[in-house]
1. Pick out, in residue order, every one of the GluC sites (Glu not before Pro) in chain B that is DSSP loop and has at most 16 other C-beta atoms within 10 Å; say none if there are none.
2. List every residue whose amide H lies under 5 Å from the amide H of residue A:306, counting only residues 5 or more places away in sequence or on a different chain, with H placed 1.01 Å from N in the peptide plane.
3. Provide the net charge surrounding residue A:325, with neighbours chosen by a C-beta distance below 14 Å and charges set as Lys +1, Arg +1, Asp -1, Glu -1.
4. Helix B:42-54 sits at what angle to the longest principal axis of chain B, using alpha carbons and giving 0 to 90 degrees rounded to 10?
5. Relative contact order for region B:2-63: what percent, with Cα pairs under 8 Å and sequence separation of 6 or more?
6. Using a 1.4 angstrom probe and counting only protein chains, how large is the accessible area of residue A:86 in Å², to 10?
7. Add -39500 (n - 2.57) for each DSSP H run of 4 or more in chain B, then divide by its residues: what number comes out at 222 nm, to the nearest 500 deg cm²/dmol?
8. If you take all C-alpha pairs in region A:3-148, what percent of them are over 19 Å apart?
Amino acid sequence: MTETATDLRSDLASFPTARDPECPFDPPAEYADLREQEGTPSLACPVGVNARVVSRYADVRAALADPNLSSHAAPSTHVVPGGLLDRPVAPGSLLNMDGAGHARLRRLLTPEFTVKRIQALRPYVQGLVDDHLDALLEHGGPVDLVEHFALPIPSLVICELLGVDYGDRDRFQEQTAVLIGTNSDPAALEQANLEVVGFMTQLVLTKLAAPGDDLLGRLIVRAGENGQELSVEELVTLGITLLIAGHETTANMIGLSTLALLRQPDQLAALRADPGLAGTAVDEMLRYLSIVQFGVLRQATGDVTVGDETIKAGEWLVAALSAGNRDESVFPDPDRIDLRRGATAHLAFGYGIHQCLGQQLARVELQEVFVRLHQRIPTLRLAVPFEDVEFKNDALVYGVRALPVTWDEEDNR
Amino acid sequence: MKVRVDVDACVGAGQCVLAAPDVFDQRDEDGMVVLLVEDPPAELEAATEHAALLCPALAIVVER
Ligand code: HEM
Ligand code: SF4
């Protein structure tokens, strides 16, 4: 995803607005005004239409729970100049489906993401995190934590989930890194896209021929047993959805939250002293950072009530997740990181029927990273001045482009 | 306290299982919510209410 939101303006006539470069972890200051002003304003979006922007926590939840909203346009299309708002929904594209079609597919997939199933993956994730820390320590600082840690871990977790052969994982991981990298040139991107689609198609065909004990294999068997066989196209689209939805998000959370925690030594010390804090810490960082930074786009298919206003059929609506997550009526002192806050009801995974399917997996990955990274490299620190860290201000998923870090010799044990 | 769940509305996000594992579980076959206790004891009431608040599908109803 390299589409960008350009030409952002800093007044309330348009959405989104730019962040204050001095506060790279905070949403644009104007979003606080949005929450305070009455009603749900209609703001111009870069895609070329106006959308009603919902910014208060309670309103975001009410809107996203409303069955009269359609997800047919991709969640961040509003910030993409020239983005397609009426592209037909590809079969298997869970994020863009509505109603019964969405429910059918989501139910076929959900058994793979239950709390129990994901807990069973935890030892695998732990091993993966430890292996990458071993390699980092072996390599020695300074090193880019994004390239060597944040990107490979979620990608390999998805390989494990989908049942990609071990021999193919390096190649798969390289190509997906290009695909979601913001530094890739268009030709490399096109090439990586073709490779990943080809790769996923091959994987699906292999699993169809001999379904194994992995997500795709079980999904194929389950769908067959329910008399709802999935086509190759549906399976490929689903596989790629899981890959993109689960990789870019988790990778950016790892990089950005590490930086934010390094800037808050007291909070980091508390986490290091008490690994039991990891659960609430992860949810607090999800809330605080709200990396799906432009929120999610919907279109009303009937009347939708938000507060005391009615949004009419045909109107576009943006649920500004980052604004809702800083609503002080729900999260006191919202601009402060408080790892003990217990902010589990945040909006970083969305709300309603599309609420992140992979959220338990994301939590486990981030928990293991939070605990192990700082325990094994207690002297971890930035290797460049903070001002030199580049933020992905235009990317649909917020994060840092690179995170050069280093540590004291004594951690290399 | 009385608890009801609406399995048709559930989207299997598992928030309830994390919040109140003694009250909610998920079915192995489709990941949908299972109510383990209909009238949770006093010590589980707070967690049960929190689960209802978290549920993204408004599939948990708590009556006092
Ligand atoms: C920190 C990590 C993550 C964040 C912040 C995140 C965020 C989100 C958000 C905001 C949505 C809702 C989109 C909408 O309402 O239009 C969503 C949906 C989704 N996410 Fe995640 N996600 C993360 C990790 C993952 C992982 C690890 C996976 C799976 C491997 C995953 C798979 C999905 C899928 C399949 C959907 C679509 C669900 C549906 O449409 O029913 N996500 N995610
Ligand atoms: S929190 Fe709600 S949607 Fe999620 S599993 Fe429980 S009942 Fe279902």
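The values are calculated or read from the model by the stated rules, or taken from the named source; none is laboratory data. Bear in mind the structure is a predicted one, so any value in this text is a computation, not a measurement. Neighbour counts are summed over all protein chains in view; Cβ atoms, including those assigned to glycine, are modelled from backbone coordinates with ideal geometry. Calculation scope for accessible area: heavy atoms of the full protein, side chains included, ligands and nucleic acids excluded. Shrake-Rupley method; radii C 1.70, N 1.55, O 1.52, S 1.80 Å.
1. Those satisfying the criteria are B:29, B:38.
2. A:311
3. Computed value for this residue: -2.
4. Long axis of B:42-54 versus the principal axis of chain B: about 40 degrees.
5. 45
6. Solvent-accessible area, nearest 10 Å²: 130 Å².
7. -8000 deg cm²/dmol
8. The calculated P(r) of region A:3-148 puts 71 percent of pairs beyond 19 Å.
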